[in-house]
Amino acid sequence: MVKRKIVWSHRARIKLYEILKFYYDRNQSNSYSNKLYKRFTKELKLLKKHPDLGINTEIENVRGLKEVFNEQEFERLAGARKEVIVTISDHISAIKRLVNDMVEERKKSNVIDDNFKKAIAYEKNVKPYLDEIREHIDKLELIVDNEMWPLPKYRELLFTR
C-alpha cells in the first residue's frame, strides 16, 4: 500500500498561521486555535485516506440519461445521482432556513443595549445556528464536486497536490 504524504504549499502554511493567529488575537487564548488545528488534523487524516472525496453532481448527466434510456433503465442508472441531488438540495434548504432564523435571532439580540448581555444573547441564541450551518456546509464540501464549489474547501486551504 502506498503511503500518502500531504505537502503544504507555502501559501497554505501562511493562511493556516493567519487563521490560528486571528483567533488567538481575538480570544486572547489558544483554546479555539487548538480546536481548529485539531479539526484540520482530522480533515487531513480523512484526506490521506480518501484523497478524491467528492462526487460529480452535474444535473445535466441525469437529464442526459433520461433522454437516452427508457424509464426502467433510467431509474436503475440515475438513482444514486438523483439521491445526491436531493441530499444537496436538502442541505441547501436547511442552510437557507437556518440563516434566516439566525438573522431573526440577531435582530432580537441587537436591540440589547448592554454589550455584555448582548454578547451572552449572541452566545446563547446566535452561535448555535452558526454551528449547525457549519455542519451542513461541511457535508456539502464532501459531496459537491470541486469544479462546482466556488469557495476554497478546508483541504484546499491546507495543501496542494
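Every read-out reported here was derived from the displayed coordinates using simple, explicitly stated rules and does not represent laboratory data. Only a predicted model underlies this, so the values are computations on that prediction, with no experimental measurement involved. Virtual Cβ from ideal backbone geometry, glycine too; neighbours counted across all protein chains shown.
Calculate one ³J(HN,Hα) per residue across segment 84-91 by plugging θ = phi - 60° into the Karplus curve 6.51 cos²θ - 1.76 cosθ + 1.60, and present them in order as whole Hz with x for glycine and proline.
5, 4, 5, 4, 4, 4, 4, 5
If amide H atoms are built 1.01 Å from N in the plane of the peptide, which residues on other chains or at least 5 residues away come under 5 Å of the amide H of Val144?
For Val144, the qualifying residues are Ile55.
Using 0.36 nm per residue, how much length does the chain from Val103 to Thr87 gain when fully extended, once their Cα-Cα distance is taken away? Show your work: numbers first, answer last.
Details: separation 16, 0.36 × 16 = 5.76 nm, distance 2.44 nm.
Gain on stretching Val103 to Thr87: 3.3 nm.
Mind scanning Lys35/Lys127; Lys45/Lys139; Lys124/Lys153; Lys38/Lys124 and naming the pairs with a C-alpha gap bigger than 19 Å?
Lys124/Lys153; Lys38/Lys124
Specify the inter-centroid distance of segment 29-50 and segment 71-114, based on alpha-carbon positions, in whole Å.
Using only Cα atoms, the two centres lie 25 Å from each other.
Net charge near Lys108, counting Lys/Arg +1 and Asp/Glu -1 over other residues with Cβ under 15 Å of its Cβ?
Cβ neighbours under 15 Å give a net charge of 0.
Based on the Cβ-Cβ distance from Ile143 to Arg76, what FRET efficiency comes out when R0 is 25 Å, to the nearest 0.05?
On the way: r = 22 Å, r/R0 = 0.86.
With a Förster radius of 25 Å, E is 0.70.
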